[in-house]
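First up is the structure itself, then whatever we jot down about it.
The values are calculated or read from the model by the stated rules, or taken from the named source; none is laboratory data. Since we're looking at a predicted model, the values are computed, not measured. Accessible surface is based on the protein model in full, side chains and every heavy atom, while ligands, DNA and RNA are left aside. Shrake-Rupley method; radii C 1.70, N 1.55, O 1.52, S 1.80 Å.
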Amino acid sequence: MCALIKRIATIMLVCSLAFSLSACTGEEKSTSAEQSEPITPGNPIEPGTPITPGKPIEPGTPITPGKPIEPGTPISISINNPDVKVTPEKDGITLRLPNKLLFDYNSDTLRPEAEKLLAQIAGELKKIGKANVEIHGHTDSKGSEQYNLALSEKRAKAVEHYLATLTGLEGITLSTKGFGKTKPTAPNDTEEHREQNRRVEIIIRSSAS
């Protein structure tokens with residue numbers, strides 16, 4: 001009787017162990033099966049409606065530049081003498097007349113030929129109508145400073161006086177100044193250079209008034 005009971009208990013223990021082992025094995029298989037199944041992706045994330053750019057900023061009407069400032073009509077003078085140098089300046093024009101065209105050496109009296117040249121210059125001034133005219137006298141370095149200064153002033157005055165006697169220059173304002181030997185255009189080392197320094201310059205600037 002005792003042996004039978006022991007045998008039954010042993011059978012029950014074996015069955016119990018078998019059942020437990022079967023349960024464990026099935027759970028592992030189930031877990032393994034679940035892990036082996038591919039993951040089904042969900043619906044892709046759809047981006048929202050793209051941002052529609054607004055109307056581009058349109059530049060305003062371009063600025064139209066005004067009419068450019070037009071400088072006054074430049075002074076133009078034509079002198080029919082190759083020894084007279086005509087130089088355009090920023091606000092006018094300069095005529096350089098060698099003294100040999102106007103005066104004898106050490107003289108402040110106009111030569112007869114000089115009057116013809118000055119009359120031609122006066123004709124050009126009439127075309128301008130209104131102008132400020134400065135007459136500058138210059139000498140070489142020979143002689144004293146005082147003597148050369150006085151001589152240059154007298155020569156400038158002689159040119160001014162002759163132009164003032166001509167008609168048709170009512171709109172022309174004349175002025176004079178002597179510089180003596182203070183403003184040479186060349187070194188006073190040769191006679192040729194000294195001759196260049198002996199000159200009268202007529203500076204012409206247009207005047208609206």
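Let me have the relative contact order for the stretch 90-206, percent, based on Cα pairs under 8 Å that are six or more residues apart. Kindly include the intermediate steps, with their values, before the conclusion.
On the way: 225 pairs, mean separation 47.0, N = 117.
Once divided by the residue count of the stretch 90-206, the mean separation gives 40 percent.
Rolling a 1.4 Å sphere over the protein heavy atoms, what is the accessible area per residue of the stretch 90-206, to the nearest Å²?
Values: 6000 Å² over 117 residues.
Heavy-atom SASA per residue in the stretch 90-206 reads 51 Å².
Considering all alpha-carbon pairs of the stretch 90-206, what whole percent are spaced by more than 22 angstrom?
30
Distance check, please: which entries in K127/K181; K127/K183; K90/K142; K126/K181; K126/K183; K127/K177 exceed 28 angstrom between their Cα atoms? Kindly include the intermediate steps, with their values, before the conclusion.
Working: K127/K181 33 Å; K127/K183 30 Å; K90/K142 33 Å; K126/K181 32 Å; K126/K183 30 Å; K127/K177 25 Å.
Listed pairs above 28 Å: K127/K181; K127/K183; K90/K142; K126/K181; K126/K183.
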